[in-house]
Amino acid sequence: MSSAFSDNKQIGIATTFSELVQTDFKGERNALCWYRNLEGDFKELVSQLQLKENITVVEPKDLLALQLSEQGNRAREIILNDLQLLTDFGAAPVLNLLKCYERDDAFDFITTDVYSFHVDRSPIATDTFLCTYHGAASDLIANEQAVQKILIPEIREQLKALHDDPTEAFEEFLKDNYFDLHYEALPPATPINLGVGHLWRLAVDHPEQQVFPCIHRAPIEKEGEYRLLLIC
């Protein structure tokens with residue numbers, strides 16, 4: 001097991017799916033990892049799946065239609081089982097074949113795409129689950145190693161200049177445009193890569209949350225390599 005996970009106060013380690021979903025977030029712990037060394041050839045799945053757009057949703061029927069080797073079939077069984085576990089739990093998992101996400105280049109002083117460190121927000125009590133089966137994996141960062149971009153004076157001043165609706169409070173403007181969800185890493189921050197094959201549960205910003213939401217970001221994809229990602 002990676003010492004970056006086991007030695008980190010932010011990360012809890014689970015050995016089963018039940019432990020992953022039943023363990024409470026508390027204190028500094030706002031990320032839980034079902035640590036796994038998966039068998040199977042996930043690259044074989046990726047090579048046979050068809051990318052229709054930069055992000056293509058892969059349905060279970062798409063996986064079942066593939067003609068696979070024994071190792072490819074093992075990888076398929078693992079993904080289908082993960083999808084079923086999460087569905088039975090009440091989540092709505094989606095499997096994505098991913099070339100890249102859409103970039104936010106509207107402003108040169110702040111970005112609000114998933115490549116930026118950010119937290120997820122929900123109006124109801126929920127969590128983010130994700131697992132990278134193939135390709136580059138996401139990063140997370142400790143909350144004390146980052147600052148909200150809207151609190152950086154230069155960025156805040158430029159956002160104030162954008163706020164031109166006198167009927168809307170500035171803080172509401174920041175929230176409505178998701179500016180408040182994004183963070184800047186503080187030097188010498190040490191992001192932790194989530195690795196391949198592990199199923200993660202990350203704390204989300206919602207009214208009942210007892211811990212800080214988990215700050216994370218999507219990776220820069222490797223040239224010529226697609227990601228296979230479960231997320232909900």
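The values are calculated or read from the model by the stated rules, or taken from the named source; none is laboratory data. The model shown is predicted, which means the values in this text are computed figures rather than measured ones. Here Cβ is always computed from backbone atoms with ideal geometry, including for glycine, and neighbour counts include all displayed protein chains. The accessibility values were calculated without ligands, DNA or RNA, using every heavy atom of the protein model including side chains. Shrake-Rupley method; radii C 1.70, N 1.55, O 1.52, S 1.80 Å.
Checking Gly40 against (1) open to solvent by less than 60 Å² (accessible area, probe 1.4 Å); (2) touching a strand residue (DSSP E or B) at 6+ places or on another chain (Cβ under 7 Å); (3) outside any strand (DSSP E or B); (4) of a type outside the set (A, V, I, L, M): exactly one of these is not met. Which one?
Failing condition for Gly40: (2).
Among all residue pairs at least 6 apart or on different chains, which show Cβ distances below 9 Å where the first residue, located in region 214-232, is closer than 25 Å to Ala185 by Cα and open to solvent by 50 Å² or more (accessible area, probe 1.4 Å) and the second is outside any loop (DSSP other than H, G, I, E, B) and not aliphatic (A, V, I, L, M)?
The qualifying pairs are Arg217/Phe117; Arg217/His118; Arg217/Asp139; Arg217/Tyr183; Ile231/Asn96; Ile231/Thr128; Ile231/Phe129; Ile231/Cys131.
Any residue at all in region 134-145 that's hydroxyl-bearing (Ser, Thr, Tyr) and surrounded by 19 or more Cβ atoms within 10 Å (Cβ to Cβ)? Please lay out each step first, then the result.
Narrowing region 134-145 to residues hydroxyl-bearing (Ser, Thr, Tyr): 138.
Checking the rest, the ones that are also surrounded by 19 or more Cβ atoms within 10 Å (Cβ to Cβ) come to 138.
Yes - at least one qualifying residue is present in region 134-145.
Which residue out of Val57, Val94 is β-branched (Val, Ile, Thr) and either surrounded by 15 or more Cβ atoms within 10 Å (Cβ to Cβ) or farther than 26 Å from Gly224 by Cβ (or both)? Outline the logic, then answer.
On the way: Val57 fails: either surrounded by 15 or more Cβ atoms within 10 Å (Cβ to Cβ) or farther than 26 Å from Gly224 by Cβ (or both).
Result of the check over Val57, Val94: Val94.
Being charged (D, E, K, R), open to solvent by less than 20 Å² (accessible area, probe 1.4 Å) and farther than 22 Å from Thr56 by Cα, is that true of even one residue in region 166-189? Steps first, please.
Keep residues of region 166-189 that are charged (D, E, K, R), which gives 168, 171-172, 175-176, 180, 184.
Checking the rest, the ones that are also open to solvent by less than 20 Å² (accessible area, probe 1.4 Å) come to none.
Taking every residue of region 166-189 in turn, none turns out to be charged (D, E, K, R), open to solvent by less than 20 Å² (accessible area, probe 1.4 Å) and farther than 22 Å from Thr56 by Cα.
Applying the selection to region 180-232, what residues are of a type in the set (Asp, Glu) and within 30 Å of Lys52 (Cα to Cα)?
So in region 180-232, the residues of a type in the set (Asp, Glu) come out as 180, 184, 205, 208, 221, 223, 225.
Correct list: Glu221, Glu223, Glu225.
Considering only region 116-130, I want to know if a residue exists there that is in contact (Cβ under 8 Å) with a residue 12 or more places away in the chain, among the aromatic types (Phe, Trp, Tyr), surrounded by fewer than 20 Cβ atoms within 10 Å (Cβ to Cβ) and closer than 13 Å to Arg217 by Cα. It would help to see each step written out before you state the result.
Step one: list which residues in region 116-130 are in contact (Cβ under 8 Å) with a residue 12 or more places away in the chain, which gives 116-130.
Still in the list and also among the aromatic types (Phe, Trp, Tyr): 117, 129.
The next check asks that each one be surrounded by fewer than 20 Cβ atoms within 10 Å (Cβ to Cβ); those that pass are none.
Looking for residues that are in contact (Cβ under 8 Å) with a residue 12 or more places away in the chain, among the aromatic types (Phe, Trp, Tyr), surrounded by fewer than 20 Cβ atoms within 10 Å (Cβ to Cβ) and closer than 13 Å to Arg217 by Cα, one finds none in region 116-130, hence no.
Look through region 43-86, keep the residues that are of a type in the set (A, V, I, L, M, F, W, C) and assigned to a strand (DSSP E or B), and return whichever of them is farthest from Asn143 (Cα to Cα). Break it down stepwise before answering.
Taking region 43-86 first, the residues of a type in the set (A, V, I, L, M, F, W, C) are 45-46, 49, 51, 55, 57-58, 63-66, 68, 75, 78-80, 83, 85-86.
Within this subset, residues satisfying the condition of being assigned to a strand (DSSP E or B) are 55, 57-58.
Values: Ile55: 29, Val57: 31, Val58: 33 Å.
It comes out as Val58.
Could you list all residues from region 4-23 that are open to solvent by 70 Å² or more (accessible area, probe 1.4 Å), at pLDDT 95 or above and assigned to a loop (DSSP other than H, G, I, E, B)?
Matches in region 4-23: Thr15 only.
Just give me the residues in region 156-170 being acidic (Asp, Glu) and more than 16 Å from Ile110 (Cβ to Cβ), in sequence order. Explain how you work it out, then say what you get.
The initial filter retains those residues of region 156-170 that are acidic (Asp, Glu), namely 157, 164-165, 168.
Passing the criteria: Asp164, Asp165, Glu168.
For a quick check of your reading of the model, give me the residue pairs whose first member lies in region 29-51 and is hydroxyl-bearing (Ser, Thr, Tyr), whose second is surrounded by fewer than 14 Cβ atoms within 10 Å (Cβ to Cβ), with beta-carbon atoms closer than 6 Å and at least 6 apart or on different chains.
That search, which allows pairs on different chains as well, returns Tyr35/Met1.
For region 119-164, what are the residues that are in a loop (DSSP other than H, G, I, E, B), of a type in the set (A, V, I, L, M) and out of contact with any Gly (no Cβ under 7 Å at 6 or more places or on another chain)?
Looking only at region 119-164, we keep the residues that are in a loop (DSSP other than H, G, I, E, B), and these are 119-120, 122-126, 135-138, 142, 152, 163-164.
After this cut, where a residue has to be of a type in the set (A, V, I, L, M) as well, the list is 119, 124-125, 136-137, 142, 152.
Within region 119-164, Val119, Ile124, Ala125, Ala136, Ala142, Ile152 meet the criteria.
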